[in-house]
Amino acid sequence: LQSQSSQIEAIASQLQSQNEAIASQSQSRLESQRKAIASQPKQISKPVPDTRILSSSGFDYSQLNRLLKSGNWKAADEETAKMMLAVAGKTQRGYLDDDDIKNFPCEDLRIIDGLWVKHSNGHFGFSVQKQIYINCGGKPNGSIPSDTIWERYCDEVGWRVNGIKTHWSNCTFSAAAPRGHLPTDEKWGYWGSWTVNRVFSRAQTCNL
């Protein structure tokens, strides 16, 4: 019995030694791998630049895209006005007249409208406003609508509150605004039925 006990102790001691050796080897390999990884040069990921959005006439709508994508609706409304005046060549004058709107490039109008519609999930945009205008009884043919139709439209898009026309500074520049609330026209035209209907007429011509 004493001999068997000695044999068992010897085997146990041998197994313990083997386990310790295996553990030591594993620890050594892990440490070597850690050092190898740490010694490798770190790769710095570069931000992917936004794709530029250019019209064929060379106007860049990348900034408008970024503002709308980030939900900065107020700055996007101002950028829209800035771009429309630039496209029409009326930046210094500061507003668009009848001929400017009639001749406004369809491609640029589509880009502006498309960005608004895309980033608002169909909540904002000239094409959205045009449809609301038609639903209110308006006709996008360049004619000035009746006061009743115009007031109905302004009520629908939130441009009139309690019978009073809303000033640009009091507009709701958020996704919570009524459908069709943005973009506005006060920054690039005369805030009224004349300018809006001309734009809707141009939108109709451009198949928006």
- Message: Quick check on Ala86: is it surrounded by fewer than 15 Cβ atoms within 10 Å (Cβ to Cβ) and outside any loop (DSSP other than H, G, I, E, B)?
- Response: yes
- Message: The conditions are (1) farther than 19 Å from Lys82 by Cβ; (2) buried (at least 19 other Cβ atoms within 10 Å of the Cβ); (3) out of contact with any helix residue (DSSP H, G or I) (no Cβ under 6 Å at 6 or more places or on another chain), and Lys102 fails exactly one of them. Which is it?
- Response: (2)
- Residue selected from the range 108-141 under the condition crowded, with 17+ Cβ neighbours inside 10 Å and part of a loop (DSSP other than H, G, I, E, B), by the criterion modelled with the lowest pLDDT: Pro140
- Which condition number in (1) in contact (Cβ under 8 Å) with a residue 40 or more places away in the chain; (2) more than 21 Å from Asp98 (Cβ to Cβ) is the one that Val161 fails? (1)
- Can you tell me which residues in the range 52-83 are basic (Lys, Arg) and either at pLDDT 95 or above or surrounded by 21 or more Cβ atoms within 10 Å (Cβ to Cβ) (or both)? Arg66, Lys69, Lys74, Lys82
- Among the residues of the range 141-148, is any farther than 27 Å from Ala177 by Cβ, without any contact (Cβ under 8 Å) to a residue 40 or more places away in the chain and more than 17 Å from the chain's Cα centre (by Cα)? no
- Query: Can you name every residue in the range 162-194 that is in a loop (DSSP other than H, G, I, E, B), surrounded by fewer than 17 Cβ atoms within 10 Å (Cβ to Cβ) and among the small types (Gly, Ala, Ser)?
  - Reply: Gly163, Ser174, Ala175, Ala176, Gly192
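The values are calculated or read from the model by the stated rules, or taken from the named source; none is laboratory data. Here the structure is a predicted model, which is why all the values come from computation and not from measurement. A quick note on method: Cβ atoms are made from the backbone with ideal geometry, for glycine too, and the neighbour counts reach across all protein chains shown.
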